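One structure below.
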Amino acid sequence: MRKHLDRIRFRGQRRDEFQDLAESPNTSDTECTEEMLIKPRVSLRDSEELREAEGEQQSDAQAGPGSFSAALQDDSRTDLNEVKGHLEIALLEKHFLQEELRKLKEESNVDSLRQELERERSRNSELEQKINDILRSSLEDSPSQTPKVPPTQPPPPAVSSTEKQKDTLSDSFLKWLYNRFGVYIEDFRFQPEEQTVETEEPLSAKRLTENMRRLKRGFKPVTNFMRNLSALSSWYSVYTSAIAFIVYMYAAWHGWVIPMFLFLAILRLSLNYLIARGWRIQWSIVPEVSEPVEPPKEDLTVSEKFQLVLDVAQKAQNLFGKMSNILEKIKNLFIWVQPELTQKLYVGLWVAFISSCLLPYKLLGFIIGVYAGIKFFIIDFIFKSCPKLRQRYDTPFIVWTNLPTDLQLKERSNTTLSRRVPAAVGRGSFGAAAPLGVSRDDDDRRSYSTKRGAFHDVFNLPESEHPLTVCENGWRCCLINRDRKTPTDYIRNGYLYVTENHLCFESSSSRSGSSKRNKVIKLTDITDIQKYKVLSVLPGSGMGISIATPSTQKPMVFGAMIHRDEAFEAINTQYMKINTMATATNPET
């Protein structure tokens with residue numbers, strides 16, 4: 001019976017005949033796609049199976065009813081399990097085939113192919129239209145395609161033929177112009193400018209050092225050129241300077257200054273070409289000193305990296321400071337910050353303007369060239385050799401050195417303000433009986449205020465207490481109170497001020513008018529003040545100041561101060577001054 005069921009189940013093509021799961025058909029176990037090929041096989045198998053089934057029925061009938069029922073139950077159980085297994089296999093095959101179909105659809109990108117096909121069709125139609133237009137125009141222009149005139153009609157007049165010929169010539173000329181210069185005309189179409197956002201690189205010590213070296217290498221030709229000019233003006237090499245002076249004055253006398261400079265530029269480019277081709281040519285008045293280039297280290301410790309960043313930052317700071325000084329001096333020269341200096345420039349420009357209007361350009365160029373040669377080779381050499389003479393009579397040098405920068409102007413305004421405030425306080429104490437005016441209070445509050453409000457209101461101090469001139473804006477720092485255990489009280493960010501009698505710290509997290517998180521220390525209560533290094537791993541002497549008082553078990557530290565040395569000098573000077581005054585008033589102590 002089991003054999004009979006197996007043969008009936010697998011009348012189709014058997015699964016063992018498929019070499020792989022991917023080669024299996026997409027139909028179920030009982031279906032078959034190739035009906036015409038499998039029909040004869042099915043008929044043969046049916047005849048054989050019918051014969052075997054009849055023989056088995058006869059044997060089963062002879063065996064008896066009991067054995068037949070037991071065999072029937074066993075066969076039904078096994079058949080159900082086999083059917084379940086085959087059903088699971090069929091479902092898995094269906095799932096795998098659906099996945100393969102989905103992948104094929106994704107890879108084919110039918111929608112994109114359709115869009116490309118539509119584009120190609122539109123392009124094809126446009127090209128066909130253009131070709132048809134060109135063919136029509138060529139047929140109209142060709143004389144062979146003109147319609148024949150019947151013999152009965154009179155010939156057209158000569159005027160119309162000439163007009164047609166002119167039209168064809170103009171059309172052909174326009175087409176030639178378009179084919180010749182149409183590409184260049186299309187370049188002048190106005191299009192919106194594409195804005196590209198450059199990605200900023202993260203901070204890296206290696207990249208910062210490399211950029212500083214690149215900047216130094218880029219400035220090297222300029223610095224060498226300026227050094228050679230200075231050597232030529234100071235007669236470093238007497239023979240070279242003498243020859244240069246004679247050649248320049250001869251060119252200036254004959255009006256060949258500009259051709260001479262152009263020739264020197266061409267000569268320098270030619271020498272650079274030969275040097276690039278491998279020639280060893282040195283054309284320099286001052287011998288170049290090759291600086292040793294240290295190979296970059298791969299593995300750096302934390303201390304070495306920090307020191308490297310500090311060195312690079314210091315060089316960048318100095319370079320930016322020099323550039324800022326030059327730009328600020330030029331700006332202040334033109335905005336009349338120093339009227340006596342700008343007046344000289346003003347008069348010089350008027351003289352140059354009047355001379356350019358009255359004198360011929362040839363004579364004016366001759367005067368300028370001769371004066372520039374004498375100034376560069378003779379007058380500058382005398383001024384460099386005699387500094388006192390230069391400070392008196394060298395007008396460009398005097399103007400440039402006396403021009404102030406914005407930082408110098410700010411310092412001057414602070415000094416004048418600090419001089420005016422004590423004078424106003426002295427006048428107020430002299431007339432103490434008179435009531436104080438409102439304008440004076442406003443002036444004091446405007447002059448002495450912190451980030452949160454009026455100075456004496458924030459720290460609960462009398463109005464006579466105000467920060468010193470050196471720390472009117474306060475020093476940015478963080479207070480490290482090592483007696484406290486909680487992180488919020490252990491470190492506080494804020495500003496440090498020094499008055500005549502107190503050391504005041506304003507916390508950034510404190511509100512205006514509240515003094516819970518602010519710190520006020522009397523200078524007389526300080527027992528010790530020292531420079532402090534918060535992290536011993538970092539190089540240098542540190543960026544902190546330790547203050548010891550009787551009320552604290554461990555000294556308080558004001559760390560992360562950029563202007564640590566300036567703050568230490570100011571605090572220490574005021575501290576020594578208060579102690580000196582205290583010892584003078586109480587000599588017994």
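The values are calculated or read from the model by the stated rules, or taken from the named source; none is laboratory data. These figures come from a predicted structure and were not determined experimentally. Reconstructed Cβ throughout: ideal geometry from the backbone, glycine too, with neighbour counts over all protein chains shown. In case anyone asks, the SASA skips ligands and DNA or RNA and just uses the protein heavy atoms, side chains included. Shrake-Rupley method; radii C 1.70, N 1.55, O 1.52, S 1.80 Å.
In terms of accessible area, using a 1.4 Å probe and ignoring ligands and nucleic acids, Leu262, Leu310 rank largest first as Leu262, Leu310.
Of the cross-linked pairs Lys206/Lys533; Lys533/Lys554; Lys522/Lys554; Lys522/Lys577, those separated by over 19 Å at the C-alpha level are Lys206/Lys533.
Specify whether the C-alpha gyration tensor of region 240-286 places it in the rounded, prolate or oblate class, a ≥ b ≥ c being the square roots of the eigenvalues: rounded for a/c under 1.5, otherwise prolate if a/b is larger than b/c and oblate if not. Since a/c reaches 1.5 but b/c is at least a/b, the shape of region 240-286 is classed as oblate.
Applied to region 549-566, the Karplus parametrisation 6.51 cos²θ - 1.76 cosθ + 1.60 on θ = phi - 60° returns per-residue 3J(HN,Hα) values of 9, x, 7, 10, 6, 10, x, 7, 10, 9, x, 6, 9, 5, 9, 5, 5, 5 Hz, with x for Gly and Pro. Computed with every protein chain present, the accessible area of Tyr273 is close to 140 Å² [probe 1.4 Å].
What spacing in nm lies between the two simple spin-label points modelled at Thr240 and Glu340, each 7 Å away from Cα in the Cβ direction? Here the answer is 4.0 nm between the modelled labels. Backbone amide hydrogens, once placed in the peptide plane, bring Ser237 within less than 5 Å of nothing, excluding anything fewer than 5 places away on its chain. A straight chain from Lys175 to Lys531 at 0.36 nm per residue would run longer than the Cα-Cα distance by 119.5 nm.
Here's how it looks for Leu503: its modeled amide H is under 5 Å from those of Ile521, Lys522, Leu523, which are all 5 or more places away or on a different chain. Heavy-atom accessible area, probed at 1.4 angstrom with all protein chains present, ranks Ser241, Ser508 as Ser508, Ser241, highest first.
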